[in-house]
Amino acid sequence: MKRSASTVLLLFVLLSANIAQGDFTSGYIIRKDGSLVYGQIEYITKDFTPKVCVFRWFDISAVYSYGPGDIEAFGFTYGMRYNTAVVNGSKTFIACLAEGALDLLYDGSKLYLNGLGLDMVQLDNSAGSFNAEGQMISFNGYRDLIEKLPDPENKFRAPPDISLKPEKMTEVIASYNRSQGSKATTFALINASGVYEEMRNQGAFLDHYGLLGGLNASKYLITKIYHQHGYIPEMNFFEFSPLFGLFYNRSLSRKNDHFFFQAEVIAFRTNVYIYDEYYDEFYSLSQTYRIDINMGYTGLKVPLSFKVSFLKGSFKPFLDVGVFGMVNLDTRYTREIETEDLNHVVRSDSDNSVVLNNGIIGGLAGAGFIIDINPRQSIFLELRGETGSGLFNIEDIAQKTISFNVVAGFDFH
C-alpha cells in the first residue's frame with residue numbers, strides 16, 4: 001500500500017509541471033507611447049495583481065515577458081484589463097475596472113481611484129484631500145470623495161446607493177466619466193465569464209485529455225463449485241493493486257460542462273494468493289486438504305462512462321455510470337494440493353487444469369468531484385464501483401467480479 005501511494009504521489013508531482021505551460025488567448029498590450037498591439041496573452045484566471053504579462057503575436061511566434069512599467073497596460077479581448085500603477089511605492093500591474101478621465105483600479109480587496117489629481121487614492125472611510133485643478137479639496141470617506149469629484153458643469157449626480165462593491169463602484173465611476181465627456185470603458189471583473197465562455201461557445205475547450213492513477217481493489221467470487229473441478233477456496237478479501245492510465249473527456253454541450261462523456265485506458269497488475277484447509281469425507285475418504293493458489297494477470301481495462309456534474313464554479317461534484325471491458329494479459333494460475341489421511345500420510349500434487357478468462361466485461365457507477373485549475377486544466381477524484389463477469393474459464397459455475405477503484409486524474413488540456 002505504501003509503495004502504491006508513493007507511486008501515485010510521484011505521478012501527480014510530475015504532472016504538476018504541466019501547469020507552467022500556460023494557455024494563450026486573444027489580447028493586447030499598450031506600450032508606453034500609447035500604441036496598442038494585438039496578439040495573444042497568457043491566460044490569467046483570477047489574479048488581480050499579476051507579476052508579469054506574457055505576450056506573443058501568434059501561435060508559433062516568439063514569447064515576450066513584460067513587467068510593470070515595461071508597458072502601460074495589457075488585457076484580454078473578452079476579459080480583464082491590467083494597468084501599470086504605483087502601489088505602496090512600487091510599480092505593479094493592477095486590474096482596471098473602469099477607464100476614462102478617472103480610472104477605477106482593484107487589487108482583489110481594495111479599490112483605488114487614479115487620475116484628476118487623485119494619485120492612487122484608496123476608497124475607504126478614511127479622510128484625505130486631493131488637488132483638483134489647483135484647488136485642494138478635503139473629503140471624509142469615499143462617499144464624500146465621490147460627491148466632491150470635479151464637475152464644473154454640474155452634470156454628475158452621485159447615486160444614493162454608493163458602496164464599495166467593485167461592480168457597483170464600476171457603474172458609478174463609468175457614469176462620472178460619461179458625464180464629463182470622457183470615454184467610459186469598463187472591463188470584466190473575472191476572466192472566466194468572458195474568455196472561457198466566449199471561446200467555449202466557439203467550440204473550444206470541449207475536448208480534454210490527461211493522465212490518471214489510483215488504486216484497484218478486486219474480489220473474484222464463486223458462488224457455486226462442483227467437485228469435478230476440484231476445490232477452489234473462496235476469496236473473502238479484496239486484492240489491492242496500483243493502476244495508471246490515460247483518459248479522454250468531451251463535453252456534450254457548448255453552453256456548460258455539466259454533461260460529458262469519458263473514455264479511459266487503464267493498466268494494472270494483480271497477484272492473488274489464496275490458502276485454505278478443510279476436512280472432507282467425500283467417497284468415504286476421510287482426508288485433510290490444504291490448498292495453495294497463486295494467480296495473476298495484467299489487466300488492460302477500457303471504461304466508458306457518462307458523467308453529470310453539479311454546481312457552478314471551480315468545485316463540481318459529479319456522478320457517473322457506464323460499462324467497461326478488460327483484456328487479461330499474461331494470465332497465470334497454479335494450484336498446489338496437499339492431502340493428509342487419517343494415518344498422517346501426506347501427499348502433494350499440482351493441478352493446473354483451471355485457466356483464467358482472457359477478458360472481463362461489466363458495468364460501473366461512481367461519484368467524485370472536479371476542481372478546475374483554469375479553463376483547460378483540472379484535477380478530479382472519484383470512488384468507483386464495478387461488477388463484471390467471472391475470472392475463471394469454467395462454464396458451469398456461478399461467478400462474478402467485484403471491484404472498487406479510487407481514481408485521481410489530471411486534465412492537462
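Values quoted throughout were computed directly from the atomic coordinates according to the rules given, and no laboratory measurement underlies them. Just so it is clear, the structure is predicted and the values come from calculations on it, not from any experiment. Cβ coordinates were reconstructed from backbone atoms using ideal geometry, including for glycine residues, and neighbour counts include every protein chain displayed.
Which angle from 0 to 90°, rounded to the nearest 10, does the C-alpha axis of helix 166-179 make with the longest principal axis of the chain?
The angle comes out at about 30 degrees.
Using Cα-only point scatterers and the Debye equation, what is log10 of I(q)/I(0) for segment 336-395 at each q in 0.23, 0.28 Å⁻¹, rounded to two decimals?
Log-scaled intensity ratios, in q order: -0.96, -1.09.
With N residues in segment 205-411, what two-decimal value do you get for its Cα radius of gyration over 2.2 N^0.38 Å?
On the way: Rg = 21.8 Å, N = 207, 2.2 N^0.38 = 16.7 Å.
In units of the globular-protein estimate, segment 205-411 measures up at 1.30.
What is the ratio of the Cα radius of gyration of the chain to 2.2 N^0.38 Å, where N is its residue count, to two decimals? Numbers along the way, then the final one.
On the way: Rg = 33.3 Å, N = 413, 2.2 N^0.38 = 21.7 Å.
Dividing the Cα radius of gyration by 2.2 N^0.38 Å gives 1.54.
Work out, step by step, the length gained on full extension between ARG157 and GLU72: first 0.36 nm times the residue separation, then minus their alpha carbon distance; give nm to one decimal. Numbers along the way, then the final one.
On the way: separation 85, 0.36 × 85 = 30.60 nm, distance 3.10 nm.
Here the segment from ARG157 to GLU72 would lengthen by 27.5 nm.
Count the lysine pairs in segment 205-411 that are 8 or more places apart or on different chains: how many have C-alpha atoms under 21 angstrom apart? Spell out each step's value before the answer.
On the way: LYS219/LYS301; LYS219/LYS400; LYS224/LYS400; LYS255/LYS307; LYS255/LYS312; LYS255/LYS316; LYS301/LYS400; LYS307/LYS316.
Close lysine pairs under the 21 Å cut-off: 8.
Would you mind ranking SER109, SER350 so that the residue whose beta carbon has the fewest other beta carbons within 10 Å leads the list?
Ranking SER109, SER350 by Cβ neighbours within 10 Å, fewest first, gives SER109, SER350.
So, R0 is 56 Å and r is the distance between the beta-carbons of VAL63 and LEU342; what FRET efficiency does that work out to, to 0.05?
On the way: r = 84 Å, r/R0 = 1.50.
Efficiency, from the Cβ-Cβ distance: 0.10.
Which value at 222 nm does the chain reach when only helices count, each DSSP H run of 4 or more adding -39,500 (n - 2.57), with the total divided by all residues and rounded to the nearest 500 deg cm²/dmol?
Working: 4 runs with 39 residues, N = 413.
The helix contribution divided over the chain gives -2500 deg cm²/dmol.
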